[in-house]
Structure formats: structure tokens, C-alpha cells
1. How far apart, in nm, are the 7 Å Cα→Cβ label points at Ala83 and Ala68?
2. Would you mind calculating the relative contact order of region 41-107 from Cα pairs under 8 angstrom and at least 6 residues apart, reporting the percent as a whole number?
3. Among the aspartates and glutamates, which have Cα under 15 Å from the Cα of Lys50 when same-chain residues fewer than 8 positions away are ignored?
4. What lysines does Lys79 reach when the alpha-carbon gap must be under 16 Å and sequence neighbours fewer than 8 apart in one chain are set aside?
5. If N is the number of residues in region 41-107, what value comes out of its Cα radius of gyration divided by 2.2 N^0.38 Å?
6. If each residue's Cβ is checked for other Cβ atoms within 10 Å, how do Cys87, Cys73 rank with the fewest at the top?
Amino acid sequence: MSTAFRVARRRCVKIIAAAPATATSLVGLVLCASVAAAELVSETDPAAMKLKYKADATKAPERQDPQAFCDNCTFYTAKDGAASGACAALGGRPVAAKGWCTAWEGY
């Protein structure tokens, strides 16, 4: 578990624990989701390194197809136009839409 993820999780727990009412707790959960979504997989993460993940696909020397980006990979899930989304190849963790890795598989 990355340090950034642990810090975000602690922040979420503090927000929820400090929320006195149910409505405020729901707001806390929404804030936690946005914090977690903002923390992309690091290029130095062991799983990301194994797949040679780059948050900027143009910096991936192994990438052969200039149209290959995370946002047009079968493993990627996100709303249209989102800057990041979940990657099934990395266990559903968030990656940059304009990233790339060796697991890339086009539609």
C-alpha cells in the first residue's frame, strides 16, 4: 500500500469520524472518493513498473502505436473526457487517461 494512499485513507477516516450528522457523513464519503480518485498510480509502483506504465504515453519508449493511450484501452474505465480512470490491469487503481503501459489493448 503506497504512502500517499495511506495518508488519503487517514484523511478520509478523520473526515468521517468528525462528521456529527448522517448528512455530513455522506459529504465526507464524497470528499474521500474525490481524494482517492485524484491519486494516480505512481510510475514507481512495483506493479506499474512491471507493466512499464507511464502517466505520459509520449514518454514510453516501448509504445509503438501513436494512438495508444490508457483512455482507449480495453482495461480502462472512466467517464468520457475524464483525466483519469480505473485500470483493470492494475487492479482497478486510477491511471492517467493519457498514460500507457505494456498491457495496453485497443478496442
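No lab work stands behind these numbers, since they all come straight from the coordinates. Because the structure is a prediction, the values reported are computed rather than measured. Using ideal geometry, Cβ is built from the backbone for each residue, glycine included, and neighbour counts are taken over all protein chains shown.
1. Between Ala83 and Ala68, the simple spin-label model gives 2.6 nm.
2. On the way: 121 pairs, mean separation 26.1, N = 67.
Dividing the mean separation by the residue count of region 41-107 yields 39 percent.
3. Glu62
4. Partners found: Lys98.
5. Here the Cα radius of gyration is 0.95 times the empirical estimate.
6. Exposure proxy ranking, most exposed first: Cys73, Cys87.
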